[in-house]
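Written out below as structure tokens is the structure these notes cover.
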Amino acid sequence: MVAEAEKLITEMDERGLEIDEFTQSALTRMYIDAGMLEESWSWFWRFHLAGHMSSECYSANIDAYGERGFILEAERVFVSCQEEKKCTVLEFNVMIKAYGVVKDYAKAQKIFDSMKSNGVVPDKCSYSSLIQILTGADMPAMALAYLKKMQSAGLVSDCIPYSVVISSFSKLGHLEMADKLYREMVKHGVQPDIIVYGVLINAFADAGSVKEAINYVNAMKRDGLSGNTVIYNSLIKLYTKVGYLKEAHEAYKMLEQTDDGPAIYSSNCMIDLYSERSMVKEAEEIFESLKKKGEANEFTFAMMLCMYKKIGRIQEAICVARQMKEQGLLSDLLSFNNMISLYAMDGRFKEAVSIFQEMMKAAVQPDECTYKSLGVVLLKCGVSKQAVSKLEVTAKKDAQSGLQAWVSVLSSVVGMNVNEEDF
DNA sequence: CTAGGGTTAG
């Protein structure tokens with residue numbers, strides 16, 4: 001509402017009311033957001049020339065530009081502040097943030113490194129910002145160098161900066177570095193919290209390292225921390241990956257005792273484990289309770305469908321497929337493929353083709369599996385093996401024209417209605 | 001209006 005704001009400013013001028021630095025910062029932000037960069041700049045300049053700007057006001061203006069990626073303007077405010085010799089740690093910190101916004105990691109480091117020669121001591125925020133920026137750019141080794149300096153400067157008061165770097169190493173799969181850093185953190189007397197344990201447990205869970213993950217769970221408990229849903233989800237993921245049913249079930253029971261109960265994700269992991277072992281009753285029990293709670297999602301249904309299909313209970317598989325479609329839980333390539341394959345093997349060719357049409361409507365690109373199932377349909381309808389192989393080759397060569405070739409054959413053989421809009 | 005961490009599969 002620029003016009004309204006300007007009206008107020010005029011009124012203030014007329015009444016001789018002073019526009020203070022807070023109003024000025026607000027105006028800078030307003031004009032930047034309105035795309036009126038020149039106006040924003042003239043308000044800044046007016047106050048800069050008046051000479052009574054505070055450090056807070058310079059940094060507010062730098063941040064106003066920097067946050068939105070106007071790095072040149074942010075730099076110009078910073079330089080005018082330097083010319084007034086008023087730069088404090090605040091201006092440097094917002095500049096570090098600004099370089100982070102435009103992903104100029106080298107300049108973020110450079111301005112941090114220049115603080116000392118400008119007689120400004122980096123504070124907790126300077127280090128945290130830079131570490132955050134570097135890890136966000138997947139440069140944990142760089143971040144670690146600054147974390148070490150931060151530690152030596154006595155500025156680490158909680159485990160968050162460690163947690164950020166540990167998380168970054170973990171994401172890149174450098175688990176030995178993550179573990180080493182955890183140990184260094186403890187050695188420095190920094191207390192780990194539930195989140196950093198969550199990062200580590202999840203990292204080793206993804207790697208399928210049971211022993212290491214359990215070591216962290218034990219360390220966590222020794223520190224007087226109890227597991228939460230995030231921790232148990234990671235553990236269930238791990239046990240699902242390595243196929244430890246009993247342990248997964250134990251973690252699942254722990255989740256059931258929490259206030260919000262097991263997340264859909266963990267319940268699906270359990271269904272995954274049960275269906276792998278064809279433990280139908282157990283899988284069904286979770287499936288029914290999820291449906292009752294209205295939490296069952298595409299994964300849930302797809303895994304149940306696969307389980308029934310695998311053990312030859314085709315009627316039940318088809319029942320699940322129909323529920324999936326009715327509830328609009330059909331969006332993923334794998335779901336489409338499972339369903340088409342189910343209908344194809346049961347001789348329900350029209351239904352198989354109709355799911356294929358749904359797939360095109362949803363703009364999901366078919367893959368080899370899709371065409372394998374559709375090939376079965378064609379073969380059972382009397383199309384020759386050579387013709388089917390030829391279609392498969394066409395699809396591999398060029399997805400778009402291949403798709404059209406399949407549609408044209410399927411429509412003439414199975415009688416699907418070709419809808420041009422589906423392309 | 002100087003900064004900040006974790007879980008999502010078939």
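Could you tell me which of the residues A:G382, A:G415, A:G328 is modelled with pLDDT under 95, under 29 Å from A:Y274 (Cα atoms) and open to solvent by 20 Å² or more (accessible area, probe 1.4 Å)?
Testing whether each residue is modelled with pLDDT under 95, under 29 Å from A:Y274 (Cα atoms) and open to solvent by 20 Å² or more (accessible area, probe 1.4 Å) leaves just A:G328.
Within the stretch A:167-210, can you find the residues that are open to solvent by 20 Å² or more (accessible area, probe 1.4 Å), within 8 Å of DNA strand B (Cβ to nearest atom) and part of a helix (DSSP H, G or I)?
Correct list: A:S167, A:K171, A:I194, A:I195, A:V199, A:N202, A:D206.
Assess whether A:A143 counts as being more than 11 Å from DNA strand B (Cβ to nearest atom) and buried (at least 20 other Cβ atoms within 10 Å of the Cβ).
Answer is yes for this residue.
Are any residues in the stretch A:14-47 surrounded by 15 or more Cβ atoms within 10 Å (Cβ to Cβ) and hydroxyl-bearing (S, T, Y), and if so, which ones?
Of everything in the stretch A:14-47, those that are surrounded by 15 or more Cβ atoms within 10 Å (Cβ to Cβ) and hydroxyl-bearing (S, T, Y) turn out to be A:T23, A:S25, A:T28, A:Y31, A:S40.
For the stretch A:211-231, what are the residues that are in a helix (DSSP H, G or I), open to solvent by less than 30 Å² (accessible area, probe 1.4 Å) and over 15 Å from A:E176 (Cβ atoms)?
Listed by number, the residues that qualify are A:V217, A:A219, A:M220, A:I231.
Taking the condition within 13 Å of DNA strand B (Cβ to nearest atom), of a type in the set (S, T, N, Q) and surrounded by fewer than 22 Cβ atoms within 10 Å (Cβ to Cβ), does A:T300 pass?
no
Please determine, by comparing only the residues of the stretch A:232-281 that are among the polar types (S, T, N, Q) and part of a helix (DSSP H, G or I), which one is farthest from A:Q191 (Cα to Cα).
Looking at residues that are among the polar types (S, T, N, Q) and part of a helix (DSSP H, G or I), I get A:S275.
Residue-by-condition table, conditions (1) away from DNA strand B (no atom under 14 Å from the Cβ); (2) of a type in the set (A, V, I, L, M); (3) in contact (Cβ under 8 Å) with a residue 12 or more places away in the chain:
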position: A:S266; (1), (2), (3): no, no, yes
position: A:D272; (1), (2), (3): no, no, yes
position: A:V280; (1), (2), (3): yes, yes, yes
position: A:K292; (1), (2), (3): yes, no, no
position: A:G312; (1), (2), (3): yes, no, no
position: A:C319; (1), (2), (3): yes, no, no
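In the stretch A:115-131, what residues are surrounded by fewer than 21 Cβ atoms within 10 Å (Cβ to Cβ), more than 8 Å from DNA strand B (Cβ to nearest atom) and in a helix (DSSP H, G or I)?
A:K116, A:S117, A:N118
Please find, within the stretch A:329-343, the residue that is farthest from the chain's Cα centre (by Cα) out of those that are under 14 Å from A:T300 (Cβ atoms) and either away from DNA strand B (no atom under 11 Å from the Cβ) or assigned to a helix (DSSP H, G or I) (or both).
Result: A:N338.
The values are calculated or read from the model by the stated rules, or taken from the named source; none is laboratory data. No experiment lies behind these values; they were computed from the predicted model shown. Neighbour counts are summed over all protein chains in view; Cβ atoms, including those assigned to glycine, are modelled from backbone coordinates with ideal geometry. The accessibility values were calculated without ligands, DNA or RNA, using every heavy atom of the protein model including side chains. Shrake-Rupley method; radii C 1.70, N 1.55, O 1.52, S 1.80 Å.
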